[in-house]
Structures are given as structure tokens and as C-alpha cells.
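Comments concern the structure below.
The values are calculated or read from the model by the stated rules, or taken from the named source; none is laboratory data. All of these numbers come straight from a predicted model, not from anything done at the bench. Here the Cβ positions follow ideal geometry from the backbone for every residue, glycine too, while neighbour counts run over all protein chains shown. Surface areas here come from the heavy atoms of the whole protein model, side chains and all, with no ligands, DNA or RNA. Shrake-Rupley method; radii C 1.70, N 1.55, O 1.52, S 1.80 Å.
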Amino acid sequence: MDGSSVATIGFFDGVHRGHQYLIGHVMAVAKASRMHSMVITFDRHPRQVLNDDYQPRLLTTLDEKLLLLARTGVETVVVLHFTPEMAALSARDFMEDVLKERLGVAKLVIGYDNRFGHDRRCGFEDYMEFGKEIGIWVIRSQAFVLHGINVSSSVVREMVGEGDVERARDCLGYPYSIMGTVVHGLENGRKMGFPTANIDLGDSGQLVPAPGVYAVRARTGQSLAYHRGMLNIGTRPTFGGTRLSIEVNLFNWADDLYGQELTVCFIHRIREERKFDTMEDLEEQLKRDKNQIEQLFNQETE
């Protein structure tokens, strides 16, 4: 292999099956060309630099994204620090200064809808023309279509935002997850025999699924062992709550979770959050929810 690379570029939020398909295309071209395969991404969403008020709702944190990219088998992942100066570059200047001169890109595989540079009016034909002038061969990749849908980060975000975690899992290729720290709550669940861990996402910018009750799998810290559980996202209307909270009850778990980092994977949405007339009614519903979730997990393992 020579020192040149076949690369693709993008934010790659979620590293979903569309991204995986694109990166597979990169690796196939690299192998045929006897070059290195490369994915180029950014440390933060470009809109955060262009708009101070923009609050991203991301499918993955940077660390999660890098782990998922590594799992694709691509040889090199480059994380660019996105700055106002970089945002000001035209597509041609970005291709010449960053891709060609700095990173040694010889072939660039473009996603079907990808645009970069401050002149985002430019499209594939423009990139091809710039590439001819600069010395980069530009290749267009096709969309990854699943059940008639072009899989994209925005499509997956919409599914997660609606609580449709099953379809989101199909598009991602893995269950959608969030990561946060367990903090003290009101302990209403403990009084009903369902002690919950309250999860604080901090300033991670992670997208929170729609309010409701979910079947989940969760693990603590760096542990590889996942535990069954049920999770509620909502305002706890039965107790007169107004602030959104994320509370998970891990089945058959007795240890203290306070202060620990918890990763929660969403498997199924069981029902919407609703207000109950009494705590006893809520407790009975929680028992039914747990039984339903246990049955779902048992069916998956049969």
C-alpha cells in the first residue's frame, strides 16, 4: 500500500447502518486501490460553532461514536477540531488544504446527501470538478435503504424522539442507548417496592426518547454484564411532578448505584406515561409492566 488514503467525511452521529454501508464502500475501494481506509469526522456538531444557541440532541457522544467507528474495521479515524476558521473554508479549499495536503486523501467517497464547506450549495458534481483540479478522485455512494426509508441520522432521531426505539434499533443496527450518572431522587419507587436509579445525563447533549415506560438493559461503569430493567421517562404526574426525569428499576438488583455511571439500552416501549388516581393503582400497573417486560425478554431468549 502507498501512503495515500481513501476517505469519507461526515459527523457520523449514531454510526447507523447507512454510515456503516458508506464506510464499507470506503474499505472496499481502499482494498481494490491498495490504499488505506479513513473516516474523517468532527469533535462537535458544526452547527454548535455556527450558532451559539444551538443545543444538539445527539444519538452518540464523541467517545461512543469513536468506539462504533472503530468497530467498522476502518483503518484510520481522524477527528478534526471544528472551528470558525474551518467553517469559513469553501468546499474547494477544504478539499485542497485539509483533505489533500493535510490528510493525504487520494479518493473521496461522498455520502448520497453529504455537503460540506461554507458554500453548502455545492453538490456532488462540484466536488467532482474540484477533485479533478486538486487531484482527488471523488466517488458517490448510494443511500442505504431499509423498509423503503433512506437511513439517516435525522430519521433515527425522529424515531427515538417519538419513542419508536424498535425501528430505531433496526436503522442503527444496535439498541439506542444513553449514558449518565445515578443521582438521588425522591425515592417514590422504593416505597412501592420498585427502587429506581435516577439518571442525570449532564451536558452530554444526548437525545432523550419520548416519555413512557421502556424495557431496557443496563450496565454499570465498564462492566460488560447487562441487567434487565424497566425505565420511565416523564414528569411523574401521579406525584404532581413537572420536571422531566429518567428513572430505571433494575430487576433483582440490590447494590447501591448512587454515583455510578449507567449505560441504558432501549429495547421496547411498553406504554405511555400516565397519571394514576392512587399510588396503589400505580403500584399495580408497575407490577403488570414488569411482568410484561420479563415475558418480552424471555421470548427473545427462547
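For a Förster distance of 35 Å, can you work out the FRET efficiency between the beta-carbons of ASN150 and GLN292, rounded to the nearest 0.05? FRET efficiency, ASN150 to GLN292: 0.55. The residue among VAL208, GLY117, GLY18 whose Cα reaches farthest toward the positive pole of the charge dipole of the chain, with charges on the beta-carbon of Lys, Arg, Asp and Glu, is GLY18. Ratio of the chain's C-alpha Rg to 2.2 N^0.38 Å, to two decimals? Against the compact-globule rule of thumb, the ratio is 1.16. Rounded to the nearest whole Hz, the Karplus-based 3J(HN,Hα) values (6.51 cos²θ - 1.76 cosθ + 1.60, θ = phi - 60°) of the stretch 244-258 follow the sequence 5, 10, 10, 10, 10, 10, 8, 5, 6, 10, 10, 6, 6, 10, 4, with x at glycine and proline.
Across the stretch 146-155, computed HN-Hα scalar couplings (Karplus, 6.51 cos²θ - 1.76 cosθ + 1.60, θ = phi - 60°) run 10, 6, x, 10, 6, 5, 8, 4, 5, 5 Hz from first to last residue, x flagging Gly and Pro. Apolar share of the accessible surface for the stretch 1-124: 48 percent from carbon plus sulfur atoms, 1.4 Å probe. Dimensions of the stretch 100-184 based on its C-alpha atoms, expressed as ranges along the principal axes with the largest first, amount to 57, 36, 22 Å.
Residues whose amide H lies under 5 Å from that of ILE246, counting only those 5 or more places away or on a different chain, are ILE199; hydrogens are built 1.01 Å from N in the peptide plane. Would you list, by chain and number, the aspartates and glutamates whose Cα falls below 19 Å from the Cα of LYS132, excluding same-chain residues fewer than 8 positions away? Reachable aspartates and glutamates: ASP93, GLU96, ASP97, GLU101, ASP119.
In order along the stretch 194-207, the Karplus-derived 3J(HN,Hα) couplings, from 6.51 cos²θ - 1.76 cosθ + 1.60 at θ = phi - 60°, round to 10, x, 10, 9, 7, 9, 9, 7, x, 9, 5, x, 5, 6 Hz, and Gly and Pro are given as x.
For the stretch 151-302, the Kirkwood hydrodynamic radius comes to 15.8 Å, computed from all pairs of different C-alpha atoms.
Annotation: amide H-H contacts under 5 Å for ILE139 (H modelled 1.01 Å from N, sequence separation of 5 or more, or interchain): LEU108, VAL109, ILE110.
Computed over the chain, the per-residue total of -39500 (n - 2.57) for DSSP H runs of n ≥ 4 gives a 222 nm mean residue ellipticity of -9000 deg cm²/dmol, rounded to 500.
Protein heavy-atom accessible surface, 1.4 Å probe, per residue over the chain: 50 Å².
Other residues within the sphere of radius under 13 Å centred on the Cβ of GLN260, judged by their own Cβ, net out at -3 (K and R +1, D and E -1). Remark: the chain carries a charge dipole of roughly 540 debye about the Cα centre, counting +1 on each Lys and Arg Cβ and -1 on each Asp and Glu Cβ. List the trypsin sites (Lys or Arg not before Pro) within the stretch 82-124 that DSSP assigns to loop and that have no more than 13 neighbouring Cβ atoms inside 10 Å. Sparse-neighbourhood loop trypsin sites (Lys or Arg not before Pro): ARG120, ARG121.
Expressed as a whole percent, the accessible area of the stretch 180-302 that falls on carbon and sulfur atoms is 46 (1.4 Å probe).
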